[in-house]
Amino acid sequence: MPPPPPGMDQLKEAVEAMNSSGFVAPEPLTPMELSELYKTNVNARLLRDKVDDIIELVNEGNELLYSSPGSASAKLKLASSTASKILSQIDKFKPKRGEPVTPEQQLTMSLFVDVSGALSQALTSLGTIKEMTGSPREAILLYQGALPQCEVMNDVQGAFTCRVGIGNCHKALGEFERAIQILKLEHETARANKDEIGLAICCNGLSKCYTSLPFSPSTSTFNLNAALSYALEDVAICRKDDDYPAQLGSALIQVGACHRLLFDFDLARQCYEEGIEMLKAGDDFSAELMAALEFSELCLADVGDCEKAYELGQRGLKIAERLKDSSNIIESLNCCLRSKLCSKEEKLRLKGLVTVGEEGGGGGGNTCLICHEKLDFEGDDVFLSKCGCSYHESCFLEHVGKDQLFCPGGESCKGDSDLRKRVKGDPQILLRLAEGDRQKMYYF
């Protein structure tokens with residue numbers, strides 16, 4: 001379990017103070033009264049300026065949340081750290097239970113509430129970043145830390161974001177039943193509150209949960225229909241408002257994923273194409289990157305469109321470089337390699353990236369893990385699996401052609417490329433294998 005983020009202890013104290021039954025708040029100060037107090041109390045004025053700076057940092061971080069997660073995280077961490085220090089300073093000036101509240105103490109409590117609210121927003125946004133960047137356990141900790149304060153402050157949207165975020169993190173951890181339970185409750189809450197944005201977010205999460213449930217003959221039809229139903233509801237809601245193109249893009253990508261599982265590849269392709277453009281319009285670069293790689297796999301494994309797969313690999317590469325996402329730089333280059341349209345420069349770059357881990361025992365390297373002979377990355381007989389292991393394509397095709405549905409990298413393989421596990425969740429793999437389709441290797 002990761003350590004608590006800065007400000008968590010102070011936030012807990014803030015929640016306890018706000019819930020204190022012994023404190024009775026007097027009538028709020030008027031703007032004129034506040035102005036006079038700030039004039040006569042230099043320390044309070046300086047503190048007010050610091051609180052305003054924290055709020056500005058949180059706002060700036062939220063603006064960069066999707067376009068530049070790294071920059072957003074730096075601003076939000078600074079805001080939470082500064083807010084934590086200010087809460088500690090303010091704490092000793094809070095009124096005690098049963099004592100009359102002076103105007104100065106009321107001013108202090110006003111600052112206390114503002115900085116607590118800013119801290120909860122910062123923690124919520126940091127949770128969102130952790131969720132987006134693949135650290136669900138850390139994200140849950142951040143969401144759980146911010147949730148009580150959001151509820152105390154009657155920040156309905158903040159509390160909703162935390163609860164939905166917790167549900168989505170359970171989904172990311174493979175705890176789909178728990179995620180569905182949480183997201184269904186928030187789905188009903190959003191519907192009751194006529195919160196269409198919240199409703200769309202829940203629909204997206206629920207659809208992804210249902211498509212991720214393990215495959216079984218008795219439940220697969222129900223699960224896929226539920227997934228498609230939620231995804232279509234999400235699209236219908238998002239089309240009502242042009243102000244949220246990224247959310248519409250995410251919804252369309254999920255509809256595409258559902259159609260792919262239902263073997264309707266033409267509809268899937270249409271949804272992916274429109275969805276990626278919407279994600280681009282909404283500056284959601286992380287989602288656009290993942291959608292491009294997913295669409296590229298569809299083009300290779302399901303429709304055999306190598307030109308489109310290469311185009312999507314190039315697109316993913318540009319975004320991954322902008323985000324400094326090293327793992328997806330490799331994945332994007334690998335999409336280009338698999339398309340058979342990869343340039344010599346791209347092949348050499350991929351070689352340099354995958355052979356870095358060879359000395360450390362990784363699966364990638366200069367030699368084929370099946371025949372143990374040297375790989376020529378400048379030629380066309382190289383295959384790099386998603387787990388990072390390298391082979392001659394001809395060797396790998398012979399391997400999977402014998403229904404050996406696992407990566408032959410053995411102990412050197414750091415990934416989980418046992419296709420026998422994936423078959424349980426993706427029945428179309430069985431059909432591909434039954435057909436003896438050469439494209440089945442793209443599932444690795």
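R45 to S218: extension gain in nm, 0.36 nm per residue of separation minus the Cα-Cα distance?
That works out to 55.7 nm of additional length.
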How far, in nm, would the chain grow between D242 and E175 when pulled straight, counting 0.36 nm per residue and subtracting the alpha carbon separation?
20.8 nm
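Carbon and sulfur atoms: what percent of the 1.4 Å accessible area of the range 284-351 do they account for?
51
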For a quick check of understanding: with a 1.4 angstrom probe and all protein chains in place, what accessible area in square angstrom does R349 have, to the nearest ten?
100
From most to least accessible, 1.4 Å probe, no ligand or DNA/RNA atoms counted, R338, R178, R137 line up as R137, R178, R338
By accessible area (1.4 Å), largest first, K184, K344, K308 order as K344, K184, K308
Taking only the alpha-carbon positions of the range 170-236 as identical scatterers, the Debye log10 I(q)/I(0) at q = 0.27 Å⁻¹ comes out as -1.16
If you add up the charges near S35, with Lys and Arg at +1 and Asp and Glu at -1, over every other residue whose beta carbon is less than 12 angstrom from its beta carbon, what do you get?
+1
Rounded to the nearest 10 Å², the accessible area of S216 at probe 1.4 Å:
30
Could you work out the Kirkwood radius for the range 62-214, taking every pair of different alpha carbons, averaging 1/r and inverting it, reported in Å?
16.8
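The values are calculated or read from the model by the stated rules, or taken from the named source; none is laboratory data. Predicted model only: the values in this text are computed from it and were never measured. Note that each Cβ is placed from the backbone with ideal geometry, even for glycine, and that neighbours are counted across all protein chains shown. All accessible areas refer to the heavy atoms of the entire protein, side chains included, with ligands and DNA or RNA removed. Shrake-Rupley method; radii C 1.70, N 1.55, O 1.52, S 1.80 Å.
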